[in-house]
Amino acid sequence: MKTILCIGAGYVGGPTMAMIAKKCPGYKITVADINPARIAAWQSEELPIYEPGLLELVKECRGKNLFFSTDVAAGIREADIIFVSVNTPTKTFGEGAGMAADLQYWEKVAREILANSDRDKIVVEKSTLPVRTAEAIARILNVPGSKVRFEILSNPEFLAEGTAIEDLEKPDRVLIGGNQTTEAGRRAVEELVAVYAHWVPRERILTTNVWSSELSKLVANAFLAQRISSVNSISALAEATEADVEEVARAIGMDSRIGPKFLRASVGFGGSCFQKDILNLVYICRHYGLHEVADYWHSVVKINDYQKSRFVGRILASMFNTIVGKRIAVFGFAFKANTGDTRETPAIAVCRKLLEERAALVVTDPAALPNAKKDLADFADRVAFEPDPYKAAAGAHALVFVTEWPQYQKLDFQRLYDSMAKPAFLFDGRNFLDHEKLFEIGFDVHPIGKPSLEHK
Ligand code: NAD
Ligand code: UGA
């Protein structure tokens, strides 16, 4: 039986290894993490992350060929292939603060692999890393004169939260970067290809050199985020000209060269990766002296910040330029539907700005309230957290929809309206509600990138 270890039991490590365990019954998979609470959660009925279909998948394999452990060293000793899926956040200190990737967790893991290996192993970069990181990892691992050799592969993950299981089961492509110039490098690539070939059609498994693979991951996220910033920039122009951004998106998306996906105007993109990976790309470009390229990609993040401010600006302007002491109910705090993840959620920026304007906030969300409480801890006395959306809305001057939870579309809006202060404002930061119907009920409705519906 081949043994696989994954270091890092987070949003990527857990689901990815669970899928490999299901599809490759001949492999023994261990997921190891230094966080004992996380590992205990992976061993329980209450997994540490909320992801549709994940619990069923984990339960199918757990204890058979899928194991969770805090003993990273033992895992390393046993493993033939080691995936590393630790966090690579934006650096918050020193050189490159606010831009570069913080690689301290990765380097620590590399040194731990070295310390616990007495035979050759394949080390797979699963985390998203700056281009040419494998070079540094190889220098740490392949100590001159040592008999133990490590092959470093890049195998970035493209899953999106909320649809992780679907994405893992039917990936658009699996990308594997390796050193194709040596026999050992080619063998390592083939070993990893063989894992995925258990369920991914061979033509969807793409092999490249390591640097292309590392760079492709950053570029994929940059392109996806760029589409959102592009359509969001147009939403501002649509609001100014009474065009409808959704009609524009449909019209341009029908051009097969543009395509319809990722053109939903919103309050702004969130999530742990888009901003972090673009800033990292910008930092790398500056490192190579490519300042025009850096500026170009930086503008994607700047438009996103602008969109979040603009959204709050519109709330303020519509509500007679003051929200001091007004109860405002924020519907949804997660960065997208079907996840409890709030990392870089636009809700944080929106809530902070509303609080700066001295609104009285109540936040509701079906999965993200524990994280929301942590994110807004410094405003604890001015924010209420309410799991029941009807209680959240009672007495509110405005409902502000930040996350497109499908259950919000089925709310009894008449009941919500009846319980609110009047005029009752509704801001749809996701354009996912029935605006005409809401207007008929009596709400003043403010969507993104289309004319407001107001009872004047
Ligand atoms: P995460 O923070 O959820 O998980 C990382 C885990 O690594 C944590 O549980 C942490 O305790 C553990 N860890 C850190 N140092 C460790 C060490 N020395 N030994 C053992 N465990 C250690 O992060 P994530 O969201 O899973 O992201 C991981 C990587 O994957 C990042 O580089 C991210 O950019 C990338 N990625 C994330 C997503 C996503 O949807 N979240 C998608 C694609 C790629
Ligand atoms: C994204 C990518 O889609 C994944 O391929 C990638 O693996 C992952 O980042 C990563 O590297 O972490 P994720 O952030 O989980 O996945 O979710 P997305 O569906 O991409 O949404 C990101 C943000 O953009 C969300 O806030 C979402 O609401 C927003 N969005 C998305 C829009 O505002 N408009 C759209 O049309 C699409």
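The values are calculated or read from the model by the stated rules, or taken from the named source; none is laboratory data. Keep in mind that what you see is a predicted model, and the values were worked out from it rather than measured. Neighbour counts are summed over all protein chains in view; Cβ atoms, including those assigned to glycine, are modelled from backbone coordinates with ideal geometry. In case anyone asks, the SASA skips ligands and DNA or RNA and just uses the protein heavy atoms, side chains included. Shrake-Rupley method; radii C 1.70, N 1.55, O 1.52, S 1.80 Å.
Quick notes
- Each other residue within a Cβ distance under 10 Å of L5 adds +1 if Lys or Arg and -1 if Asp or Glu, for a net charge of +1.
- Computed helical MRE - 222 nm, the chain, DSSP H runs ≥ 4 contributing -39500 (n - 2.57), nearest 500: -13000 deg cm²/dmol
- Helix 274-287 axis, angle to the chain major axis (alpha carbon atoms, nearest 10°): 60 degrees
- Computed over protein heavy atoms with a 1.4 angstrom probe, the accessible surface ordering of M17, M1, largest first, is M1, M17.
- Rounded to 10°, Cα long-axis angle of helix 346-356 versus longest principal axis of the chain: 50 degrees
- Net +/- balance of residues flanking Q409 in space, Cβ distance below 11 Å, scoring K and R +1, D and E -1: 0
- Alpha-carbon Debye profile of the range 340-456, log10 I(q)/I(0) at 0.13 Å⁻¹: -0.49
- For the chain, averaging the sequence separation of C-alpha pairs within contact (under 8 Å, six or more residues apart) and dividing by the residue count gives a relative contact order of 12 percent.
- Backbone geometry of the range 289-304 corresponds, through the Karplus equation with coefficients 6.51, -1.76 and 1.60 at θ = phi - 60°, to 3J(HN,Hα) couplings of x, 9, 5, 5, 5, 4, 4, 4, 6, 4, 5, 5, 6, 5, 4, 5 Hz, x marking Gly and Pro.
- Alpha-carbon centroid distance for the pair the range 67-137 / the range 326-370, whole angstrom: 33 Å
- In this structure, the amide hydrogen of A360, modeled 1.01 Å from its nitrogen in the peptide plane, lies closer than 5 angstrom to those of G325, K326, R327, I328, counting only residues at least 5 positions away or on a different chain.
- Peptide ranges 349-361, 149-161, 88-100 listed from the most packed, as the mean C-beta count within 10 angstrom indicates: 149-161, 349-361, 88-100
- Residues whose placed amide H lies under 5 Å from that of D341, excluding near-sequence neighbours: F335
- Whole-Hz Karplus values for the range 429-435 come out as x, 10, 6, 10, 10, 8, 5 Hz, taken residue by residue from phi with 6.51 cos²θ - 1.76 cosθ + 1.60 and θ = phi - 60°; glycine and proline positions read x.
- Here's the picture: a label point sits 7 Å out from the Cα of E203 along the beta-carbon direction, and within the range 147-185 nothing has its amide nitrogen under 13 Å of it.
- Heavy-atom SASA rank of D341, D255 (probe 1.4 Å, accessible area, largest first): D255, D341
- In a DSSP loop and with at most 11 other Cβ atoms within 10 Å, the chymotrypsin sites (Phe, Trp or Tyr not before Pro) in the range 294-363 are F320.
- Here the accessible area of the range 171-259 is 56 percent carbon and sulfur, with a 1.4 angstrom probe and all protein chains present.
- Accessible surface for the range 267-397, divided over its residues, is 41 Å² per residue with a 1.4 Å probe.
- The lysine pair count for the range 84-199, using Cα distances under 21 Å and pairs eight or more places apart or on different chains, is 6.
- DSSP beta bridges in the range 4-137 [antiparallel fraction, %, rounded to 5]: 5 percent
- Relative frequency of Cα-Cα separations exceeding 35 Å in the chain, percent: 36 percent
- In this structure E239 has an accessible area near 50 Å², from a 1.4 Å probe over the protein heavy atoms.
- Share, in percent, of DSSP beta bridges within the chain that are antiparallel, nearest 5: 5 percent
- For the set K217/K353; K2/K374; K353/K450, the pairs lying more than 30 angstrom apart at their alpha carbons are K217/K353; K2/K374.
- Taken one residue at a time, the phi angles of the range 377-393 give Karplus couplings (6.51, -1.76, 1.60, θ = phi - 60°) of 4, 6, 10, 3, 7, 10, 10, 9, 10, 9, x, 8, x, 5, 5, 4, 7 Hz. Gly and Pro are set to x.
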